[in-house]
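Taking it in order: structure first as structure tokens, then the write-up.
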């Protein structure tokens, strides 16, 4: 932090392979005042040590995995989590994304004792950033960490974003990331495997008893909010159509943009901070953009910068 100001925290929650990790990583590259943290690798680290120690394996039924892990203490599990950096430095971060770990992590992560262990380690890392004068903003890639963040003194939760994409799009992105060629046998096999894993993980995450991965009931729909659509139309009207809102509306909503998602929304970050509401950010529509990933990142960056300005203005008013 700087000058005793509270650490500003942005939480990016959401479904598997929706883009939240890419958003957090990119924002930290273009904003030097930003630090990042993510808990996904914590769950993978813990799973890695459980597999490496032959406590669990991919052939075990889910209920047996749960029984084995629930016999362990929060303290012993947090010791596994604490070794994440060592694993990444000595064995490489790819170790945490091995087929064995990937096939088991969605059975490990929902368990209460596991989540408590990860949250314990996460809280300590947030406190370290808070007490370090190098950064004033922390971006968190994790699931349902709002209660943890708000319980840490000296922090302020500025904006919450729930990042989502349909499983088919998530599977497509995984195949592209792996460098596979569409239409090949390798692509088809990987696509179906990724799709099955994403659908299974999303189902488990959304239905678990503790910390289910779902957007908040009153979340602002990035694409569907009437207020954001009207605000976007107004801006286009002022700058491109000489104040003619009807013409701007025809351009945005009645041309080839049948799903109304070819024009990114303006004002989501302001609205989220002012109303203390989560933003539901569906990244699926960015597939139609010429550079889909970059368009997604630019939209996320716009929300981030809006939220920073809103927080500063509201702080001055208060």
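Miscellaneous remarks
- Residue under evaluation residue 236, criteria (1) surrounded by fewer than 14 Cβ atoms within 10 Å (Cβ to Cβ); (2) more than 16 Å from residue 270 (Cα to Cα), criterion not met: (1)
- For segment 232-256, filtering for residues that are assigned to a loop (DSSP other than H, G, I, E, B) and either modelled with pLDDT of 90 or more or under 21 Å from residue 302 (Cα atoms) (or both) leaves 4.
- Taking segment 1-90 as the region of interest, the helices (runs of 4 or more DSSP H) fully inside it that hold 2 or more residues being surrounded by 21 or more Cβ atoms within 10 Å (Cβ to Cβ), assigned by TED's automatic domain parsing to the domain that holds residue 119 and in contact (Cβ under 8 Å) with a residue 60 or more places away in the chain are 40-52.
- When each of 272, 268, 219 is tested for being under 23 Å from residue 39 (Cα atoms), in contact with a strand residue (DSSP E or B) (Cβ under 9 Å, 6 or more places away or on another chain) and modelled with pLDDT of 95 or more, the lone residue that passes is 219.
Residue-wise test of (1) crowded, with 19+ Cβ neighbours inside 10 Å; (2) over 26 Å from residue 171 (Cβ atoms).
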site	(1), (2)
223	no, no
244	no, yes
253	no, yes
272	yes, yes
278	yes, no
295	no, no
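- Residue count for segment 278-318, restricted to those that are over 16 Å from the mean Cα position of the chain (by Cα) and part of a loop (DSSP other than H, G, I, E, B): 4
- Given (1) over 15 Å from the mean Cα position of the chain (by Cα); (2) not in a loop (DSSP other than H, G, I, E, B), number of the condition residue 153 does not satisfy: (2)
- Within segment 297-318, considering residues that are in contact with a helix residue (DSSP H, G or I) (Cβ under 6 Å, 6 or more places away or on another chain) and within 19 Å of residue 233 (Cβ to Cβ), the one surrounded by the fewest Cβ atoms within 10 Å (Cβ to Cβ): 306
- From 162, 122, residue being within 20 Å of the chain's Cα centre (by Cα) and not assigned by TED's automatic domain parsing to the domain that holds residue 292: 122
- Options 176, 148; residue that is out of contact with any strand residue (DSSP E or B) (no Cβ under 6 Å at 6 or more places or on another chain), at pLDDT below 95, surrounded by 19 or more Cβ atoms within 10 Å (Cβ to Cβ) and in the same structural domain as residue 221 (by TED's automatic domain parsing): 148
The values are calculated or read from the model by the stated rules, or taken from the named source; none is laboratory data. Nothing here was measured: the structure is a model prediction, and the numbers come from that model. Counting neighbours? That spans all protein chains shown, and the Cβs are built from the backbone with ideal geometry, glycine included.
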